[in-house]
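See below for the structure under consideration.
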Amino acid sequence: MALEELKLLEDQIAKLDGEAAELLQEHQETIQRLAEVPGLGASSAVQIVAEVGPEAEAFESAKEMSSWVGVCPGSNETAGEAHSTTSPKGNQNMRRLLNQAAQAAVKVKGSIFEITFRKFLSRGMEYKEAIWAIAHRLCRLIWLLLRRKVRYEERGPAVSAKSQRTRTTRMIKELRKLGYRVDGGPLPAGIPA
């Protein structure tokens, strides 16, 4: 009975993913651009577009969006006395998503996020603080990608052609699994059109 219930839940999740992909079909290019960011994928991109919109038009600046999400660094100081340094409350879904994305982004070998994370740790930041700093950077990057409609370009020193092909292949498979049509540019070897 438990296996049947699990199968039913998996079918319902697949059906909801399909419906979400259909509803967001007009924003396919935006989702693809977001999915290129280390730590994010197609499902994360869909959630981001659902939360902040395809162009983040509600936010005038990256700082404003970071504040709304609740990943901006908090430093309350009154009369020279420091209080809480925790981030303010924000959109719980986006906070969770960015935390998970930051955890994944710092594990991408050679990415700018891994390098920055290691730098934060070497300067004495605790693990959790460094992850939130990366989440803050991801949030600001997401705003930039949505507002300026530009693609993510890795700036880390260890970007090789092979790692880019591997990431592209994985991303294309994930997007196709969610029902998106992926075109533009040559496909890596091994990916059927």
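General observations
- Scan of segment 142-169 for residues that are in a helix (DSSP H, G or I) and either modelled with pLDDT under 85 or surrounded by fewer than 18 Cβ atoms within 10 Å (Cβ to Cβ) (or both), ordered by number: Leu144, Arg147, Arg148, Ala161, Lys162, Ser163, Gln164, Arg165, Thr166, Arg167, Thr168, Thr169
- Positions within segment 1-26 being in contact with a helix residue (DSSP H, G or I) (Cβ under 8 Å, 6 or more places away or on another chain) and surrounded by fewer than 18 Cβ atoms within 10 Å (Cβ to Cβ), in sequence order: Asp17, Ala20
- For segment 20-60, the set of residues classified as under 14 Å from the mean Cα position of the chain (by Cα) and acidic (Asp, Glu) consists of Glu36, Glu51, listed by residue number.
- Complete set of residues in segment 54-78 that are modelled with pLDDT of 85 or more and not in a loop (DSSP other than H, G, I, E, B): Ala62, Lys63, Glu64, Met65, Ser66, Ser67, Trp68, Val69
- Qualifying residue in segment 45-53 (condition: assigned to a helix (DSSP H, G or I), more than 19 Å from His136 (Cα to Cα) and polar (S, T, N, Q)): no
- Pairs with Cβ under 7 Å, 6+ apart, first in segment 100-125 and aromatic (Phe, Trp, Tyr), second not in a helix (DSSP H, G or I): Phe113/Pro38; Phe113/Gly39; Phe113/Val106; Phe117/Val106
- Qualifying residue in segment 97-109 (condition: at pLDDT below 85 and either among the β-branched types (Val, Ile, Thr) or farther than 29 Å from Glu60 by Cα (or both)): yes
The values are calculated or read from the model by the stated rules, or taken from the named source; none is laboratory data. Quick caveat, the model's predicted, so the values are computed rather than measured. When we count neighbours, we look across all protein chains shown, and the Cβ atoms used for this are built from the backbone with ideal geometry, even at glycine.
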